[in-house]
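Below you'll find the structure, written out as C-alpha cells, and then a few comments.
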Amino acid sequence: MTPFVRLDGVSKRFDTAVAADGVTLEVERGEVLALLGPSGSGKTTLLRLLAGFEQADAGRMIIDGADVGGLSPARRRCGMVFQHYALFPHLDVGENVAFGLRGKKPGGRVTVERQVAAVLALVDLAGFERRRVQELSGGQQQRVALARALAPEPRVLLLDEPLSNLDPALRERTRRELRQLIKRVGITTLFVTHEQEEAFDLGDRVAVLAAGRLDQVGTPDDLYERPASLFVATFVGRANVFRGAAAHALGGADGQIVVVRPEAFRFSEIGIPGVVKERRYTGAAAFYLVDGGRGERFEVLAAPGAARVGDRVFVEATRVLTFAEERE
Amino acid sequence: MNSGNRRGLPGALLTLLLAWLVLYPILVVVAEAARGDAIAVFLSRGGEWHALWASLWISLASVALAAAVGVPLAFLFEWLDFPGRKTLGSVIALPAVLPPFVGVIAFLFLYGESGFVARAVQHVLGLERAPWRLQGAGAILLVHAYSMYVYFYLFTRAGLAKLDASMLEAAQALAAGRWETLRRVTLPLIRPALAGAALLVFMTALGSFSAPYVFGGGFRVMTTQIVATKLNGELPLAMVETVALAGVALGGLLILRHTEGDDILVALGKGTAPRRRPIQSVGGRALATAAGWLLALLLLLPHLTLGLVSLVPYGTWTTEAVPPVLSVVNYQRLFGEPERLRPLVNSLWMAAASTAAAVALALVAGALVGRRRPGRIPWRGPIEGLLALPWALPGTVFAVALATTFSVQHPWALRWVLVGTVVLLPLGLLVRNLPLTGRAVLAGFRQLDPALEEAAASLGAGRWAAFRRVTLPLLRPALAAGASLAFVAALGDFVTAIVLYTYDNRPISIEIMSSLRLSELGVAAAFGVILMGLSALVLAVGARR
Ligand SMILES: Nc1ncnc2c1ncn2[C@@H]1O[C@H](COP(=O)(O)OP(=O)(O)O)[C@@H](O)[C@H]1O
Ligand SMILES: [Mg+2]
C-alpha cells in the first residue's frame, strides 16, 4: 500500500536554526501520527511546511499521490488546528465553522447551515452556532477550532499542541474525546506534542524529532523497548544513563553508553552496591533513588516494600539498552 | 525569507512613492534655500531671528502652561472622587473637537476686543472703549494653553491608570510620605507619559499658525513669518525660513524623544490601579464639584460663544453687551445660496478624498511591512519613517514645500505645475494625513495574530479573500480611528489651505477668514459651528467599537 502522506528529505533552515533537517516520513491513510519532541525541535515547522505556510528549502511533500510543494495553503486541503486556535474573533461560532464552506458547496446557504450543524454536533457543540467565540471556555474553543478545520472535509488534519492550552484537569478527558473523534471521522492526522504520554495515547505511531532531525518513527512499544538513539531512550520514558566504568560494569563494551529503565532494575544479592537515598511511593509501586557512589545515582522501580531509605542494597539490571557514544 | 523576496519589489515601490510625496518636496526646498544669497539675507535680518526665537519660546512656554493645567487636572480626576467626576472628566476633553482656527475665532468672539467678556467689563465699569486688546504673545499662549492642555490631561490620566496600587503602597510601607511617594515613585513612573505629551504639545505649538495669525499683530513667529514673506514675493527667503523652522522642529523632536525613554510600566505589566479616594468633608466635596462645573463652563464657553454669535444677523449687534437679535438667518443663507455652500462642499470632498487616499496608502504599507513576522522585514524602516515624517514637520513647512515643488513643469524631475489647480490642496492634506492613518493602521496590523490569516488560508481562502474576510474586518476599529482623525484634521485645516488653496477649492477655514474680513461675524461663526459639529460627529463615529 502506498502511503497517503509522504515527506521526502524535507529541509527548512531559518536564519538562526535548522528547523527541519532532511525529514523523511510516511503516514498511511487514516493513520494518526504523533510528532513528539522537545520545544524548538521543529515540530510546528513540519506542520507548517505541510500546510504550506512555509516553503521548504529542499525535499518533496506528497499527499494522496500528488506533489503539493507548489500549492498555496488555500489549495492543499489540510485542516489545521492552531496552538492558540486562531478562531476569528469577528465571527460567531457558526460563521467560523462555515468559513471554509463558502463557495464550495452547491445548494447554497441551507446546505452550508446543515453542514455546520452536523460538524458542531460531531464535536458535541450542537446549537452553539450563534455564540460568540470569546464567551466559550478553552475546551469549547478547541472544539470549535476542530470543527472549523474538519468542515471543509480536508484530506489531512494537522493539530499543533491541541491540548496545551487546556488546564490539566480537562486535558485527559479532552484527549479521550479527541481520540474517539479522529477515529470516528477516520481522517489521516498529524499532531504535534511535547508530552510523551499524549503522543503514546493518541498516536498510532510516534515520530520523535530532535533539533530538526527525525530520530525514530514507530509504535509506542517500539520507541520504549527499542529506542533507536540515546535521545529517544531518554526522551521517551524514564531512563538511567551510565557511561564509562559504570557502563562497563553493566556489560557495555568500550565507548558504549548503557541505558537501564527503572523497572529493568531489581534489588538483589549481587550487582551494583548502593544506598537508598529517597523513596517515592506511587501506589502500585515505588521509585527508589539509589546512590551507587562516585556520583552515580539511579532510579529503581520496585514493590512498595522492597527497601527503606538508608538501606544498603545491591541492584541488578535485567535488561539493558546500549548505544554508541553520542555523535556530536 | 521567501516572502521577503516577494515583498521586496512592492516595498521598494511604495518607499519611492512615499519619498516622492513627503521627502522630495522638503529636499527641493532645501536646495532652493541654498541657492543665491537668501541665507545671508536671513542671517542679517534681526526680524528673522526674532521670529525664530519667538517660535521656540512660545512652544516651550506652551508646554509649561499646558502641563500646569493638564497634569493637576489629571491627578484630580484619576485619584479623587466627587459627584459629577465622570461627566466632567469627558467634558474636559472638549477643546479637542474645536479645529484650531475655529477655536481661535471663538476666542476672538469671547475674549477679543469686542468679545463678550470685554463688552461685559466695559458695560459694568462704564468704560469708553474696550478694556483690553487680545493680542501678542500672551493671547497666543492663552489659546495654546486652552487647546493643548488636553494632551497632558489625557496622557497623564492614561499613565496614572496604568500605575500599580501596590507599588505606591510599597513606597508608603517604606515610610515615604505622600509627597515623597509622588516625587520619588509616581512622577518617575509616569515620566514617559509626560514626555510624550510634552513632545506632542511642543510640535503642535511650533507648527501652530491660526493663533499667531489672528492674534499675533506685530508679533511674528516662524509660521506666520514664512507666509508673510511668501506673500511679499521674497520666495528664496521664504525657503530659508522654512528650512530653519524644519530644523527647529527636528531638533526639538530629537531632544524630546531622547528624554522620553522606554515605558517601564509596560514591562512591569499591569497591576490594579490605585483606588480613587472620595473627598471626605462635605464642604470639600461641594467645593470640588462647584469648581469642576465652573471649569467645565469655562472650557465650554468658546463653543457656546460660537453658537451664540452664529445666531446674530449681519449688522444687528453694535455696542450692546449681548446681541439684541437672534435668528437662524445665517444658516438659512448658508444652505440657501449654493455659492455660500461651496466651501462646505469643497472641505467635505477634499477631506474625504485625502483621507481615503491616506487610508489606502496606510493599508498598503501595513499589508507590506506591518504584520508581525519573525526576522527582518525589508523596507519596514523607510516606510514607517516616511509615513511619520509629516508629523515631525510643521504644516507650513509642507505647504510651502509642496507649493515650491509643484510650481514648475519638469516631468523628468517628477515635478508638474499643480499650483493654481484644485489638486494641490488635497495633496497637501493627504500628506498631513499620512501620519494619522499610518500610525493607526500599522498599530492595527501589529495587533493582528498572524495565525488568523493562516487559518483563513488553510480553509481555502486565497490571499485576497483572506484579506477581505478576515484582515479587513479585524482592522476596522484601527481604520475607523485613523480615518476619523485624519478626516477631522483635513476638514478643519487652515495652515495648509492658506498656502495652497485656489478660489475654486477654497475650504471652510478660508471662507471663515474672508467672512471675518467682511465683518460677517455671524456667517463665520455659523461655519465654525458646522465644522465643530461635523468634527464631533465624525470623532464619535470613529471611536465606536
Ligand atoms: N519563522 C521563523 N523564523 C525563524 N526561526 C524560526 C521560525 N519558526 C521557527 N523557527 C526556529 O526553528 C526552530 C524550530 O521551531 P518550531 O518548529 O516552532 O519548534 P517546536 O514547534 O518543536 O517547538 C526553533 O529554533 C525556532 O526558533
Ligand atoms: Mg511548536
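The values are calculated or read from the model by the stated rules, or taken from the named source; none is laboratory data. Bear in mind the structure is a predicted one, so any value in this text is a computation, not a measurement. Please note: Cβ atoms are built from the backbone with ideal geometry, for glycine as well, and neighbour counts cover all protein chains shown. Surface accessibility is based on the protein's heavy atoms, side chains included, excluding ligands, DNA and RNA. Shrake-Rupley method; radii C 1.70, N 1.55, O 1.52, S 1.80 Å.
Each row is one residue, and each column tells you yes or no for (1) in contact with a His (Cβ under 6 Å, 6 or more places away or on another chain); (2) assigned to a helix (DSSP H, G or I); (3) modelled with pLDDT of 90 or more.
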| site | (1), (2), (3) |
| --- | --- |
| B:8 | no, yes, no |
| B:11 | no, yes, yes |
| B:15 | no, yes, yes |
| B:22 | no, yes, yes |
| B:27 | no, yes, yes |
| B:31 | no, yes, yes |
| B:36 | no, no, no |
| B:54 | no, yes, yes |
| B:57 | no, yes, yes |
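What residue, among those in segment A:267-291 that are over 17 Å from residue A:238 (Cβ atoms) and not in a strand (DSSP E or B), is least open to solvent (accessible area, probe 1.4 Å)? The extreme case among them is A:271. Among the numbered conditions (1) within 21 Å of residue A:147 (Cβ to Cβ); (2) touching a helix residue (DSSP H, G or I) at 6+ places or on another chain (Cβ under 9 Å), the only one that residue A:114 does not meet is (2).
Return the residue satisfying two criteria in turn: it lies in segment A:21-41 and is within 22 Å of residue A:77 (Cα to Cα) and of a type in the set (Gly, Ala, Ser), and of such residues it is nearest to ligand 1 (Cβ to nearest atom). So that I can check it myself, show each step before the final result.
Going residue by residue through segment A:21-41, those that are within 22 Å of residue A:77 (Cα to Cα) are A:23-35.
Those left that are additionally of a type in the set (Gly, Ala, Ser): A:30, A:34.
Numbers: A:30: 25, A:34: 13 Å.
By that ranking, first place goes to A:34.
Inspection of segment B:190-199 finds no residue satisfying the criterion of being assigned to a helix (DSSP H, G or I), β-branched (Val, Ile, Thr) and open to solvent by less than 40 Å² (accessible area, probe 1.4 Å). Only one of the numbered conditions (1) more than 24 Å from residue B:450 (Cβ to Cβ); (2) within 16 Å of ligand 2 (Cβ to nearest atom) is violated by residue A:46, and that is (1).
Considering (1) over 16 Å from the mean Cα position of the chain (by Cα); (2) among the β-branched types (Val, Ile, Thr); (3) away from ligand 2 (no atom under 16 Å from the Cβ), the lone condition that residue A:27 does not fulfil carries the number (1). Within segment B:457-479, if we keep just the residues that are more than 7 Å from every other protein chain (Cβ to nearest Cβ) and within 14 Å of residue A:102 (Cβ to Cβ), the residue that is surrounded by the most Cβ atoms within 10 Å (Cβ to Cβ) turns out to be B:466. Restricting attention to segment A:24-47, the residues that are closer than 21 Å to residue A:60 by Cα, open to solvent by 30 Å² or more (accessible area, probe 1.4 Å) and not acidic (Asp, Glu) total 3.
The residues on offer are B:66, B:130, B:93, B:118, and the sole one that is within 28 Å of residue B:530 (Cα to Cα) and without any contact (Cβ under 8 Å) to a residue 60 or more places away in the chain is B:118.
Restricting segment A:142-169 to residues that are open to solvent by 40 Å² or more (accessible area, probe 1.4 Å) and within 13 Å of chain B (Cβ to nearest Cβ) leaves a set whose member that is nearest to ligand 2 (Cβ to nearest atom) is A:165. Considering only segment A:2-23, I want to know if a residue exists there that is within 24 Å of residue A:181 (Cα to Cα), open to solvent by 40 Å² or more (accessible area, probe 1.4 Å) and either within 14 Å of chain B (Cβ to nearest Cβ) or within 16 Å of ligand 2 (Cβ to nearest atom) (or both). The answer is no; no qualifying residue exists. Considering only segment B:304-333, state which residues are within 30 Å of the chain's Cα centre (by Cα), over 16 Å from residue B:516 (Cβ atoms) and not in a helix (DSSP H, G or I). Passing the criteria: only B:311.
Let's see how each residue does on (1) away from ligand 2 (no atom under 16 Å from the Cβ); (2) in the same structural domain as residue A:49 (by TED's automatic domain parsing); (3) open to solvent by 50 Å² or more (accessible area, probe 1.4 Å):
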site: A:183; (1), (2), (3): yes, yes, yes
site: A:190; (1), (2), (3): no, yes, no
site: A:193; (1), (2), (3): no, yes, no
site: A:211; (1), (2), (3): no, yes, yes
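Note on segment A:49-78: residues that are closer than 15 Å to residue B:466 by Cβ, facing another protein chain (nearest Cβ under 7 Å) and not in a loop (DSSP other than H, G, I, E, B) amount to 3. Among the residues in segment B:431-451, are any hydrophobic (A, V, I, L, M, F, W, C), within 14 Å of chain A (Cβ to nearest Cβ) and more than 30 Å from residue B:200 (Cβ to Cβ)? So far as segment B:431-451 goes, yes, one or more of its residues are hydrophobic (A, V, I, L, M, F, W, C), within 14 Å of chain A (Cβ to nearest Cβ) and more than 30 Å from residue B:200 (Cβ to Cβ). Each residue in segment A:213-253 was checked for being surrounded by fewer than 17 Cβ atoms within 10 Å (Cβ to Cβ) and touching a strand residue (DSSP E or B) at 6+ places or on another chain (Cβ under 6 Å), and 4 pass.
The residue list B:19, B:34 contains one member that is among the small types (Gly, Ala, Ser), within 20 Å of residue B:240 (Cβ to Cβ) and either more than 14 Å from every other protein chain (Cβ to nearest Cβ) or surrounded by 16 or more Cβ atoms within 10 Å (Cβ to Cβ) (or both), which is B:34.
The rows are residues; the columns are (1) among the charged types (D, E, K, R); (2) crowded, with 19+ Cβ neighbours inside 10 Å; (3) under 19 Å from residue A:135 (Cβ atoms).
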position: A:49; (1), (2), (3): no, yes, no
position: A:55; (1), (2), (3): no, no, no
position: A:58; (1), (2), (3): no, no, no
position: A:61; (1), (2), (3): no, yes, no
position: A:65; (1), (2), (3): no, no, no
position: A:68; (1), (2), (3): no, yes, no
position: A:80; (1), (2), (3): no, yes, no
position: A:86; (1), (2), (3): no, yes, yes
position: A:97; (1), (2), (3): no, yes, yes
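Comparison of B:369, B:408, B:422, B:400 shows that the only residue that is within 27 Å of the chain's Cα centre (by Cα), open to solvent by 30 Å² or more (accessible area, probe 1.4 Å), more than 14 Å from chain A (Cβ to nearest Cβ) and more than 19 Å from residue B:484 (Cα to Cα) is B:422.
Do we find a residue being away from ligand 2 (no atom under 16 Å from the Cβ) and over 28 Å from the mean Cα position of the chain (by Cα) anywhere in segment A:230-243? Yes - at least one qualifying residue is present in segment A:230-243.
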